[in-house]
Amino acid sequence: MMQIKAPRGTYDILPNDSAKWQYIEKIMKDTAEIYGYREIRTPIFEHTELFERSVGESTDIVTKEMYTFVDKARRSLTLRPEGTASCVRAFIEHGVYSGLMPVKWYYNGPMFRYDRPQTGRYRQFHQFGVEVFGSSSPYADAEVIMLLAEIMTRLKLTDYELHINSVGCSLCRNAYQQKLIDYITPLRAALCRDCQLRYSKNPLRVLDCKTKSCQEAIEGFPTIYDSLCAECREHYSAVRDVLEHSNVSYIHDDNLVRGLDYYTNTAFEVHLPGIGAQSAVGGGGRYSGLVAECGGPDIPGVGFALGMERLLLAVETLTDVDLNRFQSGVDVFIAVMDDKYEPQAVRILHQLRQADIKAEKDYVGRSARAQMKYADKLGARVVVLLGEEEVLKGFFTLRNMQNGEQVQVKSQDLVHNINRILLVD
RNA sequence: GUGGAUGUAGCUCAGCUGGUCAGAGCACCAGAUUGUGGCUCUGGGGGCCGUGGGUUCGAGUCCCAUCAUCCACCCCA
């Protein structure tokens with residue numbers, strides 16, 4: 001019989017690893033809450049149409065990466081490939097816009113994209129993201145970026161590169177796009193295969209192409225920045241001003257276009273060179289028309305998403321943070337020297353746990369010696385010895401596993417004495 | 001979707017040109033220490049060598065297919 005393994009591009013997070021996840025998740029969640037964001041949890045699948053409309057028909061995500069299936073009632077559903085669409089849907093569906101604005105949300109959870117796996121890229125991966133609805137102020141853009149920068153700092157990943165650009169509003173973007181089409185059309189034959197397609201589907205993406213021939217073809221073409229309307233230009237420079245005043249360093253990147261169709265004005269990406277080919281750990285931007293596009297009122301938004309797997313990889317390889325120290329161990333082990341005192345051991349175990357002490361005992365009939373070894377491997381700092389002598393004379397023997405000292409304590413002083421040893425460091 | 005590398009015990013890996021090649025280290029269990037850990041020593045369990053075909057008297061070892069992992073492209077998180 002063929003062994004069943006986790007599906008391609010998916011993996012298990014075993015307890016030793018989940019402790020590491022909890023560490024970075026806590027940093028992100030705590031930071032977002034300090035910035036005034038509250039958690040939203042949305043379904044992991046949505047109507048396929050939601051992503052087609054929001055992410056964009058021409059994007060890689062929609063054209064080839066979605067996990068789409070038909071359910072028993074013949075609905076077309078899709079495992080979410082990103083988080084913003086669901087937030088927008090929920091924002092509209094619950095009329096959240098009729099309450100206090102702006103609305104600031106964060107989320108964390110699995111996303112799904114049918115892609116070829118490699119380091120830092122999985123079919124089920126995890127994103128932590130935030131969205132701000134209801135403010136078109138450049139300060140909102142800046143806040144979101146500052147939150148992102150703060151998270152990176154708290155993760156001790158300070159060597160990140162923040163690339164930002166403005167893709168303009170629908171007006172100046174469309175005008176620019178038309179100019180680009182006019183410019184490229186005669187050079188079309190020189191473009192790479194992929195760009196031939198981009199040419200017709202999303203010409204702006206040609207700017208982002210890494211192929212030499214395409215880079216040369218677009219060389220000298222005015223940047224989108226130069227084509228921004230006065231309003232968009234002002235918005236962008238305001239965002240940059242805030243970042244500069246806040247000492248958030250960034251790189252203005254004329255070629256940054258982003259793969260999702262809904263972005264307007266500010267777009268940004270965070271890279272960590274040093275974690276492999278998939279160095280983008282996060283990205284985001286402003287999306288002015290998205291809520292309206294999805295059937296809601298004309299309310300703007302800004303947000304970002306961070307890739308948890310890539311950040312974890314980065315913390316492990318790029319920082320000196322020892323993620324293994326977050327493993328939760330055992331404080332106290334109860335070693336039973338004679339089977340007949342098992343019931344009493346269970347009572348003590350319960351008593352210690354009632355006192356919030358992480359306590360454990362053996363359940364597989366180990367010898368006294370084996371129990372000590374076991375206690376040591378579990379990382380127990382104190383062992384309570386329970387044998388004939390203790391029972392007859394009415395005390396417990398406490399062994400401090402750090403220094404080997406043993407003391408005899410009365411039953412009623414047990415918790416107190418254990419805590420005294422545990423509190424030492 | 002394209003190209004390349006790899007797939008032997010829970011983990012990291014040896015196994016040269018096909019014929020004791022089913023191994024090592026770590027981990028796990030037990031004993032030395034029958035009421036006591038960390039060191040040491042001794043012993044033990046565990047693998048149909050990713051899967052399915054083929055070549056051969058004989059295949060971890062060669063060929064094909066398939067699945068999976070890794071690397072790069074693409075793209076992104």
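Keeping to the stretch A:191-211, report how many residues are within 10 Å of RNA strand B (Cβ to nearest atom), outside any loop (DSSP other than H, G, I, E, B), crowded, with 17+ Cβ neighbours inside 10 Å and without any contact (Cβ under 8 Å) to a residue 24 or more places away in the chain.
Of the residues in that region, 2 qualify.
Quick one: count up the residues across the stretch A:12-29 that are closer than 14 Å to A:Met308 by Cα and in contact with a helix residue (DSSP H, G or I) (Cβ under 9 Å, 6 or more places away or on another chain).
Going through the stretch A:12-29 one residue at a time, the tally reaches 11.
Of the residues A:Leu148, A:Leu162, which single one is within 30 Å of A:Tyr23 (Cβ to Cβ), touching a Gly at 6+ places or on another chain (Cβ under 7 Å) and at pLDDT 85 or above?
Values: A:Leu162 fails: touching a Gly at 6+ places or on another chain (Cβ under 7 Å).
Going through A:Leu148, A:Leu162 in turn, just one is within 30 Å of A:Tyr23 (Cβ to Cβ), touching a Gly at 6+ places or on another chain (Cβ under 7 Å) and at pLDDT 85 or above: A:Leu148.
Within the stretch A:1-31, can you find the residues that are under 19 Å from A:Val281 (Cβ atoms) and either within 16 Å of RNA strand B (Cβ to nearest atom) or among the acidic types (Asp, Glu) (or both)?
Listed by number, the residues that qualify are A:Gly9, A:Tyr11, A:Ile13, A:Asp17, A:Trp21, A:Ile24, A:Glu25, A:Met28, A:Asp30.
Only one of (1) outside the structural domain of A:Tyr122 (by TED's automatic domain parsing); (2) in contact with an Asp or Glu (Cβ under 9 Å, 6 or more places away or on another chain) fails for A:Gly289. Which number is that?
(1)
Can you work out which of the residues in the stretch A:324-351 that are touching a Leu at 6+ places or on another chain (Cβ under 8 Å) and in a helix (DSSP H, G or I) is most open to solvent (accessible area, probe 1.4 Å)?
Of everything passing the filter in the stretch A:324-351, A:Gln351 is most open to solvent (accessible area, probe 1.4 Å).
Give me the residue from the stretch A:45-59 that is in contact with a Phe, Trp or Tyr (Cβ under 8 Å, 6 or more places away or on another chain) and part of a loop (DSSP other than H, G, I, E, B) and, out of that set, surrounded by the most Cβ atoms within 10 Å (Cβ to Cβ).
Taking the stretch A:45-59 and keeping what is in contact with a Phe, Trp or Tyr (Cβ under 8 Å, 6 or more places away or on another chain), we get A:54-56.
Now narrow it down to the ones that are part of a loop (DSSP other than H, G, I, E, B): A:55-56.
Working: A:Val55: 23, A:Gly56: 20.
Taking the candidates together, the pick is A:Val55.
Take the residues of the stretch A:76-85 that are buried (at least 23 other Cβ atoms within 10 Å of the Cβ) and in contact (Cβ under 8 Å) with a residue 40 or more places away in the chain: which is farthest from the chain's Cα centre (by Cα)?
That would be A:Ala85.
What single numbered condition from (1) within 16 Å of RNA strand B (Cβ to nearest atom); (2) without any contact (Cβ under 8 Å) to a residue 60 or more places away in the chain fails to hold for A:Ser227?
Failed condition: (1).
How many of the residues making up the stretch A:136-161 are closer than 30 Å to A:Lys64 by Cα, of a type in the set (A, V, I, L, M) and within 12 Å of RNA strand B (Cβ to nearest atom)?
Final tally of qualifying residues: 1.
Any residue in the stretch A:242-256 that's in contact (Cβ under 8 Å) with a residue 12 or more places away in the chain: show its pairings with residues that are assigned to a loop (DSSP other than H, G, I, E, B) at Cβ separation under 9 Å, as long as the two are six or more apart or on different chains.
Final answer for the pair search is A:Val242/A:Val248; A:Leu243/A:Ser249; A:Leu243/A:Tyr250; A:Asp254/A:Thr223; A:Asn255/A:Cys209; A:Asn255/A:Thr223; A:Leu256/A:Val167.
If you check A:Ala238, A:Ala267, A:Ala217, which single one turns out to be closer than 14 Å to A:Pro138 by Cβ and within 16 Å of RNA strand B (Cβ to nearest atom)?
A:Ala267
Write out, first by first residue and then by second, each pair whose Cβ atoms fall under 6 Å of each other, whose residues are 6+ apart or on separate chains, and whose first residue, in the stretch A:119-135, is closer than 30 Å to A:Ala292 by Cβ and more than 7 Å from RNA strand B (Cβ to nearest atom) while the second is among the polar types (S, T, N, Q) and part of a strand (DSSP E or B).
Pairs found: A:Phe128/A:Asn108.
Open to solvent by less than 40 Å² (accessible area, probe 1.4 Å), within 30 Å of A:Gln215 (Cβ to Cβ) and in the same structural domain as A:Glu25 (by TED's automatic domain parsing): does that describe A:Tyr263?
yes
Just checking, does the stretch A:322-330 include any residue being near RNA strand B (Cβ under 10 Å from one of its atoms) and in contact with a strand residue (DSSP E or B) (Cβ under 8 Å, 6 or more places away or on another chain)?
Looking through the stretch A:322-330, none of the residues is near RNA strand B (Cβ under 10 Å from one of its atoms) and in contact with a strand residue (DSSP E or B) (Cβ under 8 Å, 6 or more places away or on another chain).
Out of the stretch A:110-166, which residues are closer than 30 Å to A:Cys232 by Cβ, touching a Pro at 6+ places or on another chain (Cβ under 8 Å) and open to solvent by 50 Å² or more (accessible area, probe 1.4 Å)?
A:Ser136, A:Glu161
Which residues, counting only those in the stretch A:358-393, are under 14 Å from A:Val409 (Cβ atoms) and not in a helix (DSSP H, G or I)?
Correct list: A:Val382, A:Val383, A:Val384, A:Leu385, A:Leu386.
Take A:Thr78 and tell me if it is more than 23 Å from A:Leu306 (Cα to Cα) and assigned to a strand (DSSP E or B).
no
The values are calculated or read from the model by the stated rules, or taken from the named source; none is laboratory data. Everything numeric in this text was worked out from a predicted model, so none of it was measured. So basically every Cβ, Gly included, is an ideal-geometry build from the backbone, and we count neighbours across all protein chains shown. Only protein heavy atoms, including side chains, enter the accessible area calculation; ligands, DNA and RNA are left aside. Shrake-Rupley method; radii C 1.70, N 1.55, O 1.52, S 1.80 Å.
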